[in-house]
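A quick write-up on the structure given underneath.
The values are calculated or read from the model by the stated rules, or taken from the named source; none is laboratory data. No experiment lies behind these values; they were computed from the predicted model shown. Note that we place each Cβ from the backbone using ideal geometry, even for glycine, and neighbour counts take in every protein chain shown. These accessible areas exclude ligands, DNA and RNA; they are computed on the full protein's heavy atoms, side chains included. Shrake-Rupley method; radii C 1.70, N 1.55, O 1.52, S 1.80 Å.
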Amino acid sequence: MGRQLDAVVIGGGQAGLAAGYHLRRLGLDFVVLDAQSTPGGAWQHTWDSLRLFSPAAYSSLPGRLMPPQPGQTYPDADHVVSYLADCEQRYGLPAVRPVRVEGVHRDGEYLRVESAAGAWRARTVISATGTWWRPFMPAVPGRTEFRGAQLHTVEYRRPGDFAGQKVIVVGGGNSGAQIAADLAYETELTWVTRRPARFLADDIDGRALFDAATARRRALDERRDDTGGVASLGDIVAVPPVREARDAGLLKAQPMFTRLTATGVEWADGTAAEADAIVWCTGFRPALSHLAPLGLRGPQGRISTAGTRALREPRLHLLGYGDWTGPASATLIGVGRPAREAARAIAELLGPR
């Protein structure tokens, strides 16, 4: 058992680093436990062509502007990984890796964080494990009958892996649109969405999305009418590759099929399409299994929070899982503010140093 800490941050991706930056500024004694072997979080595992929704200057963590990537308006994932590694080193954040946390337990006035690599005791914990590690696959009839390849967003890498094949991409969000655009030129593509594809205006990027999410949270906090936030603008940011494929007529969404067959999919009217592979871009769920020993989940599996603080365990903060843990907190630009609020709340709970 190591020393007794003020805080343990679980997760060394963007949310964990933002939390660490603010904990460091407040002079708290903490450690960042990261399941990955190297810095960069989930950005190390994305598909090759992924680009940010915003220019580098509008995709920064607190304390350090992301430098522009030469020749790119919207930086790629490798650039983000390098930036995150630089942030970690620049601020001397105490990251320990690879450490996969298995459980967080109450231990008197402390929370005990257990892993195969050992245990840590801390007065508070920030859980910042994100969602990438818990992909969601819908229970569609016939899914086990399909004889082709099925993969989720997290497993997709490049269009060359499917060159010349019949591929169905399922999902009307940003991942679905970007992967469909990636595949549109080298495969026989069918793009399927649950509702008609809603592209945001071409001049809207992550800056506007952050502003919309923040305005919605402010309106709700002040008990004013719900502005609708990001959802009121659309579902898909028209980043250049998506815009080009759309304008070339290669991104025409089909309605959701009703079942899978051994060789493809089938719609309610009997129409069928063959497929060699199906890419499920169907989202994620929060990766929170390590918090199960605390018994905080409600009937729908979500932990109730006030801001980032867990209502039934004030020593626990959740950061980076979506708007319910801070407006746009699952984004690079959006996580800074709730990270600062979580760190300040922890300092207040711990009292004078």
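Calculated accessible area for segment 71-188 comes out at 45 Å² per residue, all protein chains present (probe 1.4 Å; ligands, DNA, RNA ignored). Simple rule: put +1 on each Lys or Arg Cβ and -1 on each Asp or Glu Cβ in segment 88-192, find the dipole, and look at Thr153, Ala184, Val113; the Cα lying farthest toward the positive end is Val113. In terms of packing, defined here as the mean over residues of other Cβ atoms within 10 angstrom, the peptides 291-298, 257-264, 79-86 line up highest first as 79-86, 257-264, 291-298. The charge dipole of segment 57-193, taken about its Cα centre with unit charges on the Cβ atoms of Lys, Arg (+1), Asp and Glu (-1) only, comes to about 400 debye.
With respect to the chain, whose longest principal axis is taken over its alpha-carbon atoms, helix 206-221 is tilted by about 60°.
For the chain, a simple Cβ point-charge model (Lys and Arg +1, Asp and Glu -1, everything else neutral) yields a dipole of about 1280 debye relative to the Cα centre. Label-to-label distance for Arg143 and Ala306 is 3.8 nm, based on points extended 7 Å past Cα in the beta-carbon direction.
Compute the helix-to-body angle for 14-25: its Cα long axis versus the longest principal axis of the chain, expressed 0 to 90° and rounded to tens. The angle comes out at about 20 degrees.
Of the solvent-accessible surface of segment 5-45, computed with a 1.4 Å probe and all protein chains present, 48% belongs to carbon and sulfur.
Sorted on the mean count of surrounding Cβ atoms within 10 Å across their residues, most packed first, peptides 94-102, 25-33 read 25-33, 94-102. Mean residue ellipticity at 222 nm, helices only, the chain: -6500 deg cm²/dmol; runs of at least 4 DSSP H residues each add -39,500 (n - 2.57), and the sum is divided by the number of residues.
Taking Gly71, Gly12, Gly320 in turn, the Gaussian network model of the chain (Cα-Cα springs below 10 Å) assigns the largest fluctuation to Gly71. Considering only Cα atoms, the convex hull volume of segment 37-148 works out to 183 Å³ per residue. For segment 283-353, the calculated P(r), taken from all Cα-Cα distances in 5 Å bins from zero up to the bin holding the longest distance, is 3, 16, 26, 24, 18, 9, 3, 1, 0 percent. Can you bin segment 46-103 into rounded, prolate or oblate? Criterion: square roots of the alpha carbon gyration tensor eigenvalues sorted a ≥ b ≥ c, rounded for a/c under 1.5, prolate for a/b above b/c, oblate for the rest. Verdict is oblate for segment 46-103. The separation of segment 73-121 from segment 231-309, counted between C-alpha centres, amounts to 28 Å. Roughly how tilted is helix 336-350, in degrees to the nearest 10 and between 0 and 90, from the longest Cα axis of the chain? Approximately 30 degrees, to the nearest 10. Above 12 angstrom, tally the Cα pairs of segment 16-59 and express them as a % of all pairs, no decimals. So the pairs more than 12 Å apart make up 72 percent of the total in segment 16-59.
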